[in-house]
Structures are given as C-alpha cells and as structure tokens.
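**Student:** Could you have a look at this structure, given as structure tokens, before my questions?
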Amino acid sequence: MIYLDAAATTPVRREVLEAMWPFLTGDFGNASSHHELGARARDALEAARDEVAGLLGCRSAEVTFTSGGTEADNLAVKGIALGRRAVDPRRTRVAVSAIEHPAVLESARALARLHGFSVDALAVDGEGRVAPEVLAAVVGPETALVSVMVANNEVGTVQPVVELARVAHEAGVPFHTDAVQAAGWLPLDVRALGVDALSISGHKLGAPKGIGALYAAGRLALEPVLDGGGQERGRRSGTENVAGAVALATALRLAESERTTAAARLASLRDAFIARVLELVPDAILTGHPTERLPGSASFCFPRVSGESVLLELERRGVVCSSGSACAAGSSEPSAVLLAMGIDPEVALTSVRFTLPGSVGAPELERAAAAVGEAYAAVAGIAQR
Ligand code: PLP
C-alpha cells in the first residue's frame, strides 16, 4: 500500500515509542502524586515541557499539554476570547479565516452560540491565503482574538502569519495560529512568527493520537475549557498524559532536527508528483498556492468525475489518500475550504488530497502518479492516454 494521507495521521516512530514506554509501564505514576513514583512522572512531564518550549522558542510555563490539536484549538479560541472579554467587555468579536479546521471554526461558532460573541470570517483568495488588508479591514477595538492557521490541512496553503499577526497586534488583539499541519515541516519559533498562541498535535508528526500542546503567552488571561483539579497551572485540568507528553517532545525534537533536509527533499518529490499527475491528467487542477504550500501537500480537482470514485479506484490500485479533510470524510458536501477559495461546488466535489509522509520515495510516487492516471481514466470512462 502506498500511504499518501499523512495529513490525516502518521505512524508512531520507534524512537518515540521507546521514549514513552517507561511511563506506560514501570514509571506509571501520577504526576500530581507526592511519592517517589509521582515525582518521577512529574520530572518527565516537566522535562518534556522544557523540550517543547525550547523547540517553540517560548518559556516552559507557556506550554500546556492537551489531548490533541482539537483541544489545543478549543482552549486557544475559547480561552483567549473569554479571557480577553473578561478584562475588556467591549471585546466581543473573534476573527478567523474562512478555511480554518473545524476545531477553530466550531470553537468560534460556539462562542457565538453560547457566549454572545460575533464571528468575522476572513475571506481567502483563490489560492487560500488571507491578505493582511482583509484582516486590517475587520480587526478593531471590539476584536478579542484573531486565529489564522499556519498551513491548511486540505490544500496545504501557507498563510502570511508574520504579517497577519502584526496587523492584529496593531489593533491590540492577540493572535492564535493552528500549526497542527505545519509542525515538523515549517519553522515554528513563536517569537519569530510573532504569535501569542500556537497549537500542535502529536499524531501528525510521529507521536500517538491523543496528545497535543498549546503555546499561550504567559501574559494572556486564558479561561480554561476543562475545569477540575487545576493541573497545567490551572490552564487545563485532568491527570496529565505523561507518556504522551514525552512522546510529543521526542517526536517534535526528531522532526525539528531533520526538518530542513526532510522538507527540501519532500518538496522536490512533491513537485515531481504534481508535474506527473498534471501530465497524465491534463484536466486536473492543482488547488491551493502553487509555491506557498506544505512540502508534502498535493491537492487536485478532477473536473467531471467524483473525487470519491477516484479514491476508490486509487485504493484498488494500492494508493491511499483522501478527498477534502478526513474529518469531513463520508460527507457528500463539497469542501468548505474549496468553496471559500471560490471553486465551483460541482468542481469542489471532485477533489482529491495527497499528503506525502516524510518516508515516501520517488519510485512509490511514480507508481502513485501512474495509478492516478489509470484511476481517472477508469472513472471518466476514457481510454488512457
Ligand atoms: N487543526 C488542523 C489543521 C488539523 O489538520 C487537525 C487534524 O486533522 C486538527 C486541528 C485536529 O487535531 P487532532 O486530530 O489532534 O484533534
């Protein structure tokens, strides 16, 4: 099987499994316990926090471990907006890009439904980017938070986060970014990006599912989403996932140490794959930004055929990928991301997303591209060129 669905999830790396193993077995203590086992768990948790903080360029106290990207996004969007409004009651609006992951979009909608906020959806251009002027026209003294992702999960487009964060700050508004897909592939130094909060998720970079982290600047008033025993400095209650935190820190360290070389290698393989697909299926349309995209991301629309049918034909040929985002899989609605980019609903229904894992090689991608040509021909009912 050729796995080209790395944006959905990745396998756990052996080094990560080995690093977390002791905290699932012998050193299984609760990090809040006052005995020796508890202390060992606490030490491991704090070492993992220090490591993640070092890799993100922030202070350890600014890293909160969560159950994944979804929870990190919920904590950022709801926590910052509610915290900001508590300090300044005029701040009753949140601005999010129209192509955010549902973890951000639905958090913003929940703020509107349950807490009386208004949501400003920031329009994107045909390549999926938010122009700083679009944000500048919306952000103001009523805005509590701006959230725009580093890179999109469906089309891979990378946002001008540095410029967008600057616009938000000029209006005195904190800026959150969802870096779930970017982690391990793009630089994520929070000072260089100029962001106040940033979410990551372990299972997209070789750690298990169920662990993530939120960087949130220490100065932010962050209203917790989970109430309870006050763990994670009161920002996220619940018994800490020590093994998960160790796994996330290990996976992020490995990914960062390999990032520059791995990203350049993958981008060049991806470019060759895109070129070959466009050669074999001249009708195919590359979606997203032609250059400002994640190194492993190749997403297309195949006009006049159903994306789901192409997926089935591809799977029969041993190639696994997805249409739109995995979270929306099974739905026959066109992707909201593609619609926001101005793509016709009929065309949006023909989308197929290939997200390359770092381990993929050129021969596999050559076979995968040939399979795309065959699958398209089979679905379109045409003789293959
Ligand atoms: N944000 C983005 C951009 C994602 O792609 C995903 C997962 O696909 C998430 C958030 C949610 O992360 P998790 O699966 O860890 O909840």
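The values are calculated or read from the model by the stated rules, or taken from the named source; none is laboratory data. These numbers were taken from a predicted model, which means no experiment stands behind them. Cβ: placed from backbone, ideal geometry, glycine included. Neighbour counts: every protein chain shown. Please note that ligands, DNA and RNA were not included when accessible areas were found on the heavy atoms of the full protein model with its side chains. Shrake-Rupley method; radii C 1.70, N 1.55, O 1.52, S 1.80 Å.
**Student:** About the Cα centre of the chain, what is the dipole size in debye to 20, counting +1 per Lys and Arg Cβ and -1 per Asp and Glu Cβ, all else neutral?
**Tutor:** Values: 35 positive and 45 negative charges, 74 e Å.
The dipole magnitude comes to about 360 debye.
**Student:** Protein chains only, probe 1.4 Å: how do R219, R191 rank by accessible area, largest first?
**Tutor:** Of R219, R191, the descending order of accessible area is R219, R191.
**Student:** Roughly how many Å² of L55 are accessible to a 1.4 Å probe, to the nearest 10?
**Tutor:** Roughly 50 Å² of L55 is accessible to a 1.4 Å probe.
**Student:** Could you work out how far the C-alpha centroid of segment 51-97 sits from that of segment 340-370, in angstrom?
**Tutor:** 32 Å
**Student:** Can you give the Kirkwood hydrodynamic radius for segment 133-245, in Å, rounded to one decimal and based on Cα pairs?
**Tutor:** When all Cα pairs of segment 133-245 are included, the Kirkwood radius is 15.3 Å.
**Student:** For every other residue with a beta carbon closer than 12 angstrom to the beta carbon of A131, add +1 if it is Lys or Arg and -1 if Asp or Glu, then tell me the sum.
**Tutor:** Neighbour charge sum, excluding A131 itself: -3.
**Student:** Quick one: net charge of R353's neighbours, Cβ under 15 Å, K/R +1, D/E -1?
**Tutor:** -1
**Student:** Let me ask something additional. Please give the calculated 222 nm ellipticity per residue for the chain, where each DSSP H segment of at least 4 residues contributes -39500 (n - 2.57) and the sum is spread over every residue; nearest 500 deg cm²/dmol?
**Tutor:** Taken over the chain, the calculation gives -13000 deg cm²/dmol.
**Student:** If you count only protein heavy atoms and use a 1.4 Å probe, how large is the accessible surface of T25, to the nearest 10 Å²?
**Tutor:** Result for T25: roughly 60 Å² accessible.
**Student:** Then there's this: At a 1.4 Å probe, what is the % contribution of carbon and sulfur to the accessible area of the chain?
**Tutor:** Whole-percent figure for carbon plus sulfur exposure: 55.
**Student:** Continuing with the same structure: Given an 8 Å cut-off on Cα distances and at least 6 residues of separation, report the relative contact order of segment 14-254 as a percent.
**Tutor:** 28 percent
**Student:** Same structure, new question: Considering the convex hull of the alpha carbon atoms of the chain, report its projected area averaged over all viewing directions, in nm², one decimal.
**Tutor:** Approximately 18.5 nm², given one-decimal rounding.
**Student:** Quick one: how many Å² of R235 are accessible to a 1.4 Å probe, rounded to 10?
**Tutor:** R235 exposes around 30 Å² with every protein chain in place.
**Student:** So how do H101, H35 rank on accessible area, 1.4 Å probe, biggest first, that is with the largest at the start? It would help to have the intermediate numbers written out before the result.
**Tutor:** Numbers: H101 40, H35 100 Å².
So, going from the largest accessible area down, we get H35, H101.
**Student:** Mind jotting down the three principal axis lengths of segment 253-368 based on Cα atoms? Whole angstrom, largest first.
**Tutor:** 41, 29, 24
**Student:** Using Cα atoms only, what is the angle between the long axis of helix 102-115 and the major principal axis of the chain, expressed in degrees (0 to 90) to the nearest 10?
**Tutor:** That helix lies at roughly 50 degrees to the long axis.
**Student:** Can you sort R316, R259, R59 by solvent-accessible area, 1.4 Å probe, largest first?
**Tutor:** Ranked list, largest accessible area first: R316, R59, R259.
**Student:** So, for the chain, what is the accessible surface per residue at a probe of 1.4 Å, expressed in square angstrom?
**Tutor:** For the chain, the solvent-accessible area averages 40 Å² per residue.
**Student:** On to the next question. Using amide H atoms built in the peptide plane, which far-off residues or other-chain residues are under 5 Å from D120 H to H?
**Tutor:** When sequence neighbours closer than 5 places are left aside, the close amide H contacts are V94, A95, V96.
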